[in-house]
Amino acid sequence: MLGAAKRLRNAGVLGLNERNAELIMRLNPRRFYPRVDDKVLTKKLAIDAGMAVPQLFGVIDHQGDVSKFAQIVDGRESFVIKPAQGSGGDGIIVIVSRSKRRRDSFRTAGGVIVSEAELEHHISNIVSGQYSLSGGKDAALIEYCVQFDPLFEQVSYQGVPDIRVIVYRGYPIMAMVRLPTRSSDGKANLHQGAVGAGVDMSTGMTLKGVLGIDVVEEHPDTGAPIAGLRIPHWDFILQSSARALEVTELGYVGVDMVIDRNLGPLMLEMNARPGLNIQIANGVGLAGRVARIDEIYNSADDPVTRARISRHEFAAERQESLPLDEVAA
Amino acid sequence: MTKSYVWVLAAILTAVGTLMFLYKWLVLGFPVYERQEIPAWTVETTIRFDSGPGSIKVNLQIPNLTPGFGKLDHYSVSKNFGFGVNYAGGGREAEWTVRRADGEQTLFYRIVVYEDKGSQQSDTTPPFPIPPLINEPLRTAVEVLVAEVRDHSADPASFTAELLRLVNNPSPNSNIELILAGAQSSSDFVQMMTTILEFARIPARMIRGLVLQEQQREMMPVPWLEIHDGAAQKNYLDAMAIAEKRADIAQSTLFDFSLYSLPIQTQSVYSVILMMPIGALVMVLMRNVVGIDAFGTFMPVLIALAFRETQLFWGIVLFVLLVAMGLSIRFLLERLRLLLVPRLASVLIVVVLLMMLVSILSHKLGMETGLSVALFPMVIIAMTIERMSVLWEERGPGDAMRAGIGSLVVAIVAYLAMGMDWLEHLVFAFPELLLLVLAIVIILGRYTGYRFTELGRFKAIGRD
């Protein structure tokens with residue numbers, strides 16, 4: 001038992017207690033939480049900071065406004081409903097198209113047909129706070145449904161794969177691609193059964209995957225190998241993520257990005273308590289990278305510089321770091 | 001920085017808690033164990049004499065049943081002597097006999113007694129005393145005193161108390177002065193009281209006793225006054241001893257700022273409340289050190305409290321039964337698409353009705369434990385059902401069952417910890433020990449090591 005703890009310590013694995021006490025409580029002042037917990041506010045701040053985000057179709061924040069839902073989605077084939085204060089992907093419904101057979105019915109990313117009334121009930125639940133972290137009143141966002149890049153088609157079962165980047169004091173220190181599976185119902189959330197694939201920070205290439213707590217080489221539904229995919233716009237993704245410090249003022253934050261077929265990388269949401277499974281996906285601990293950033297931290301670095309330093313510092317497999325100018329090229 | 005503050009604070013709390021505990025335990029003598037061993041006393045008499053040649057018969061008055069004490073054992077150590085116990089004249093007598101002996105003889109008699117509040121006397125009822133012959137002028141003085149005391153008392157016990165109060169008055173009247181004039185020693189005093197009591201036709205006698213104290217090697221018997229009030233013997237210490245005893249009681253109440261000074265009803269409530277920090281400590285350990293998933297922060301502790309009412313086995317059965325039934329009804333309600341708060345209220349009402357059904361059914365089946373389910377916190381169960389059903393929908397039955405079983409496991413551990421009698425007694429007698437619990441919780445609050453379950457979770461990393 002102690003041997004196992006020692007091995008994790010040597011690998012620089014960050015535990016939940018350490019994450020809570022040393023990173024979240026020290027670097028994430030509670031007064032800034034609404035900036036990430038309230039997705040309406042996040043979207044506004046991100047737009048101001050120059051991040052690309054999915055277009056907002058409408059917000060429903062009163063039970064009385066639930067009936068406006070039909071009006072908001074009128075003429076739209078696909079959209080996403082999500083609670084403004086939800087966490088961990090709970091309460092999110094992805095609508096990919098309207099049902100061709102039944103009127104006022106929609107098809108979810110998982111292929112289930114839902115009626116307008118059912119969606120309105122779901123929105124009503126959201127507004128009454130069922131998915132809210134505080135349990136209080138909430139709002140439902142209806143926004144653009146990302147048309148995902150065919151790059152990940154082979155390793156996704158419906159839904160939209162997304163890219164989670166952990167940003168420590170403004171430096172992106174670790175990343176993974178989250179791939180929806182049949183059991184995750186098209187959602188890119190690891191605890192709902194999605195596969196996480198580690199990413200080489202220097203190249204943007206995927207590494208092996210993790211399902212639950214186990215390492216997997218292939219996608220469980222499609223059977224396609226997970227490793228070796230190159231994420232496009234990798235520089236832009238890292239630079240956008242690095243801006244999370246300026247947007248949220250949180251020192252330890254998870255940034256979720258998606259790649260739209262037409263619009264490129266979009267920032268979906270941010271998380272002040274990002275999970276730790278990303279370490280399994282990358283096969284390496286966060287604590288070591290946190291310590292490295294503390295060594296080289298420079299408050300004068302701008303987001304672009306910070307992204308470049310991360311690419312240089314955190315090459316996969318702890319292989320010899322690439323020369324800085326080679327990365328820039 | 002914060003970490004060192006935490007250690008300093010924890011050290012202060014530990015020091016204060018430990019010092020208070022040690023002071024109460026060692027100085028004030030609070031019992032550490034619930035079933036404090038009742039003090040047992042070994043009382044030994046030694047009879048030593050030089051006998052001439054010939055046969056010897058030694059008689060020793062030995063304690064009969066004394067109110068407030070029980071006899072554990074008694075035996076005699078004597079060489080060559082025959083030993084027997086006789087009942088004679090309302091008391092017991094040890095008798096040693098030997099046909100032929102010469103020189104110095106040593107006889108031991110040893111009795112082991114223990115404090116037993118329930119022990120009442122007595123085996124013998126003495127006859128009504130014949131009024132003793134008292135000569136004038138003492139006779140008139142006694143008559144006046146007896147008349148006065150009789151006016152102010154109702155029965156033999158109160159008569160004796162009043163008599164002792166009057167004769168112990170620091171400024172006695174002339175009658176009492178006359179009566180006490182001849183009493184030089186305390187045995188004379190007790191003898192005189194016996195005479196007065198017999199004059200009032202109350203059976204009384206002087207006995208000699210020992211005031212039991214710790215670590216006494218040699219003691220002289222103290223004369224006591226014993227009366228028989230018709231039902232039982234009562235012993236009265238002599239005047240000095242009564243006063244000392246009073247002082248003792250007064251002094252001990254000064255220190256009595258413990259929970260024991262509260263009414264019994266409040267005490268029993270506190271004995272439960274004071275165990276909640278122990279449950280909270282278990283919760284902290286299970287969540288932050290072991291890493292078990294559970295609903296809510298302190299819900300398992302509240303479930304554990306509910307188990308106290310039902311006992312563990314039936315508590316688990318009832319909890320699982322109610323949550324399972326409630327869950328299925330919650331899924332039925334789901335189809336009605338109710339808003340959150342009305343849905344929670346509906347679940348609560350259904351839980352109340354289910355409980356009622358369980359109670360009635362179990363009563364009809366002759367199981368009494370079902371009745372105590374009424375004390376199960378209904379709101380806790382309703383919340384458990386709601387959280388579990390949301391988790392069930394969002395993350396699937398696996399996660400929901402895991403968190404449900406986790407809550408139950410934490411609740412069982414908390415119940416076992418909170419149900420330890422010795423711990424309950426210790427915390428109740430020494431509430432300052434909770435400062436130590438607080439210190440532990442504060443230190444654990446800065447525990448940044450891995451949780452036990454994380455060792456398995458991250459096992460894929462660092463294995464080269």
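The values are calculated or read from the model by the stated rules, or taken from the named source; none is laboratory data. Keep in mind it's a predicted model, so treat the numbers as computed, not measured. Counting neighbours? That spans all protein chains shown, and the Cβs are built from the backbone with ideal geometry, glycine included.
Here's the yes/no breakdown for (1) surrounded by fewer than 22 Cβ atoms within 10 Å (Cβ to Cβ); (2) in contact with a helix residue (DSSP H, G or I) (Cβ under 6 Å, 6 or more places away or on another chain); (3) β-branched (Val, Ile, Thr):
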residue: A:214; (1), (2), (3): yes, no, no
residue: A:219; (1), (2), (3): no, yes, no
residue: A:223; (1), (2), (3): yes, no, no
residue: A:232; (1), (2), (3): yes, no, no
residue: A:240; (1), (2), (3): no, no, no
residue: A:267; (1), (2), (3): no, yes, no
residue: A:276; (1), (2), (3): yes, no, no
residue: A:297; (1), (2), (3): yes, no, no
residue: A:302; (1), (2), (3): yes, no, no
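Of B:460, B:417, B:411, all but one fail to be more than 14 Å from chain A (Cβ to nearest Cβ) and surrounded by fewer than 19 Cβ atoms within 10 Å (Cβ to Cβ); the exception is B:417. Only residues that are more than 14 Å from chain A (Cβ to nearest Cβ), at pLDDT below 70 and part of a helix (DSSP H, G or I) were counted in region B:355-404, giving 8. Among the residues making up region B:437-451, those that are among the small types (Gly, Ala, Ser) and either within 7 Å of another protein chain (Cβ to nearest Cβ) or buried (at least 16 other Cβ atoms within 10 Å of the Cβ) (or both) are B:439, B:449. Restricting A:111, A:12 to residues that are more than 14 Å from chain B (Cβ to nearest Cβ) and at positive phi narrows the list to A:111.
Yes or no, residue by residue, for (1) within 14 Å of chain B (Cβ to nearest Cβ); (2) surrounded by 15 or more Cβ atoms within 10 Å (Cβ to Cβ):
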site: A:7; (1), (2): yes, yes
site: A:21; (1), (2): yes, yes
site: A:27; (1), (2): yes, yes
site: A:36; (1), (2): no, yes
site: A:47; (1), (2): no, no
site: A:55; (1), (2): no, no
site: A:63; (1), (2): yes, no
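In region B:290-314, of all residues being free of Cβ contacts under 8 Å to residues at least 40 places away in the same chain and away from chain A (no Cβ under 14 Å), the one that is surrounded by the most Cβ atoms within 10 Å (Cβ to Cβ) corresponds to B:298.
For region A:183-197, the count of residues that are out of contact with any Gly (no Cβ under 9 Å at 6 or more places or on another chain), assigned by TED's automatic domain parsing to the domain that holds residue A:44 and either farther than 18 Å from residue A:28 by Cβ or assigned to a strand (DSSP E or B) (or both) is zero.
Condition test on residue B:156, is it touching a Pro at 6+ places or on another chain (Cβ under 7 Å) and not basic (Lys, Arg)? Criteria not met by residue B:156. For residue A:41, the criteria (1) in contact with a Lys or Arg (Cβ under 8 Å, 6 or more places away or on another chain); (2) modelled with pLDDT of 85 or more; (3) within 14 Å of chain B (Cβ to nearest Cβ) hold in every case but one, which is (3). Are any of the residues in region B:157-167 over 35 Å from the mean Cα position of the chain (by Cα) and without any contact (Cβ under 8 Å) to a residue 12 or more places away in the chain? There is no residue in region B:157-167 that is over 35 Å from the mean Cα position of the chain (by Cα) and without any contact (Cβ under 8 Å) to a residue 12 or more places away in the chain.
Residues that are surrounded by fewer than 17 Cβ atoms within 10 Å (Cβ to Cβ) and within 11 Å of another protein chain (Cβ to nearest Cβ) within region A:116-131 comprise A:117, A:118, listed in sequence order. Among the residues of region A:66-100, none is identified as closer than 30 Å to residue B:392 by Cβ and free of Cβ contacts under 8 Å to residues at least 12 places away in the same chain.
Within region B:23-51, residues that are of a type in the set (Lys, Arg) reach partners that are at pLDDT 75 or above and assigned to a loop (DSSP other than H, G, I, E, B) with beta carbons closer than 9 Å, at six or more positions or on different chains, in the pairs B:24/B:430; B:24/B:432.
Among residues of region A:204-226 that are within 11 Å of chain B (Cβ to nearest Cβ) and basic (Lys, Arg), those with a beta-carbon under 9 Å from a residue that is in a loop (DSSP other than H, G, I, E, B) and surrounded by 15 or more Cβ atoms within 10 Å (Cβ to Cβ) at least six positions away or on a different chain give the pairs A:208/A:226; A:208/A:227; A:208/A:283. The test for being among the basic types (Lys, Arg), touching a Ser or Thr at 6+ places or on another chain (Cβ under 9 Å) and either buried (at least 18 other Cβ atoms within 10 Å of the Cβ) or outside any loop (DSSP other than H, G, I, E, B) (or both) holds for residue B:287. Applying the condition of being over 22 Å from residue B:389 (Cβ atoms) and not polar (S, T, N, Q) to region A:115-147 and asking which residue is farthest from the chain's Cα centre (by Cα) yields A:116. Quick check on my filter: what residues within region A:104-148 are aliphatic (A, V, I, L, M) and assigned to a loop (DSSP other than H, G, I, E, B)? Within region A:104-148, A:109, A:112, A:133, A:139, A:146 meet the criteria. Considering each residue of region A:303-312 in turn, none proves to be assigned to a loop (DSSP other than H, G, I, E, B) and either in contact with a His (Cβ under 7 Å, 6 or more places away or on another chain) or in the same structural domain as residue A:165 (by TED's automatic domain parsing) (or both).
Hey, among B:46, B:42, which residue is modelled with pLDDT under 80, over 18 Å from residue B:437 (Cα atoms) and either assigned to a strand (DSSP E or B) or among the acidic types (Asp, Glu) (or both)? Only one candidate qualifies: B:42.
Scanning region A:258-302 for residues being of a type in the set (Gly, Ala, Ser), away from chain B (no Cβ under 14 Å) and either part of a helix (DSSP H, G or I) or free of Cβ contacts under 8 Å to residues at least 40 places away in the same chain (or both) gives a total of 2.
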